[in-house]
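> Before we start, here is the structure in question, set down as structure tokens.
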Amino acid sequence: PIYPRRSVPTRTRLDQFSIIKHPLTTESAMKKIEDNNTLVFIVHLRANKHQIKTAVKKLYDIDVANVNTLIRPDGQKKAYVRLAPDYDALDVANKIGII
């Protein structure tokens with residue numbers, strides 16, 4: 001018999017809203033914003049660098065140079081998102097309400 005194999009289409013498990021949880025506003029993160037043109041986010045543990053890069057591009061309409069990630073001792077993943085040279089991290093941080 002011909003019938004649909006799945007009753008509902010599968011949704012993407014990680015969209016840009018679930019990948020990026022919140023920006024980090026610690027003193028060291030502020031120093032990264034000022035000195036290295038880098039924004040710091042807490043992200044979903046299963047998100048990879050490509051997904052983080054595209055999520056930041058979609059959410060904030062900015063170009064990303066590169067993404068570095070680490071897993072903190074408390075088990076959360078932290079992403080350092082370096083912006084392209086033609087974008088200023090301080091302006092973006094003001095726009096999204098970090099500062």
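> By per-residue mean of other Cβ atoms within 10 Å, what is the highest-first order of 92-99, 35-42?
35-42, 92-99
> P(r) for the chain, please, calculated from all Cα pair distances in 10 Å bins and given in %.
For the chain, the pair-distance distribution reads 15, 46, 23, 8, 6, 2, 0.
> Based on alpha-carbon atoms only, what is the radius of gyration of segment 28-76 relative to the globular estimate 2.2 N^0.38 Å?
Dividing the Cα radius of gyration by 2.2 N^0.38 Å gives 1.17.
> Compare the peptides 16-23, 84-91 by average per-residue count of other Cβ atoms within 10 angstrom and give them in order, highest first.
Top of the packing list down: 16-23, 84-91.
> What lysines sit close enough to LYS31 to cross-link, taking a C-alpha to C-alpha distance under 23 Å and skipping anything fewer than 8 places away on the same chain?
Answer for LYS31, where 23 Å is the Cα cut-off: LYS21, LYS49, LYS53, LYS57, LYS77, LYS78, LYS95, listed by chain and number.
> Expressed in nm to one decimal, what extension gain is obtained for the pair LYS49 and ASN94 from 0.36 nm per residue of sequence separation less their Cα-Cα distance?
13.8 nm
We did not get these values from a lab; they are worked out from the coordinates using the rules stated. None of these values were measured; they are calculated from a predicted model. Here the Cβ is made from the backbone with ideal geometry for all residues, glycine too, and neighbour counts use every protein chain on show.
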